[in-house]
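Please read the structure below before turning to the comments.
The values are calculated or read from the model by the stated rules, or taken from the named source; none is laboratory data. Keep in mind that this is a model prediction, so the values were computed, not measured. Note that we place each Cβ from the backbone using ideal geometry, even for glycine, and neighbour counts take in every protein chain shown.
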Amino acid sequence: MISERDFRQGRLRLSTGARAGPGLRRVGLGAAFKWYRAAAEQGDPTGESNLGYLYYRGQGTSRDYDQAAKWFRPAAQQGNSFLPSRQSPRPP
């Protein structure tokens with residue numbers, strides 16, 4: 001039987017393949033957004049931080065800094081402290 005943790009990890013792998021590498025052209029950022037959101041809603045810190053990043057960059061969804069912060073916070077509380085670098089462009 002597949003555990004809940006294995007299920008979440010499978011979704012994260014699928015969404016990572018959708019966001020980067022050869023899978024990007026076939027699956028797209030919209031699919032990555034969908035899968036990261038599913039993992040984030042179940043409390044997965046990697047899903048939360050990646051979803052926050054997609055909101056921050058406006059990839060696979062519209063740019064929304066409030067939503068980005070909403071997902072970065074719980075990820076950081078669980079020890080996943082990914083934050084966009086100063087090199088990440090923020091539009092005027």
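Which ones in the range 35-44 are crowded, with 19+ Cβ neighbours inside 10 Å and either at pLDDT 90 or above or over 17 Å from Gly79 (Cβ atoms) (or both)?
Scanning the range 35-44 gives Trp35, Tyr36, Arg37, Ala40.
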Within 11 Å of the chain's Cα centre (by Cα), assigned to a helix (DSSP H, G or I), at pLDDT below 90 and of a type in the set (Phe, Trp, Tyr) - does that describe any residue in the range 65-85?
no
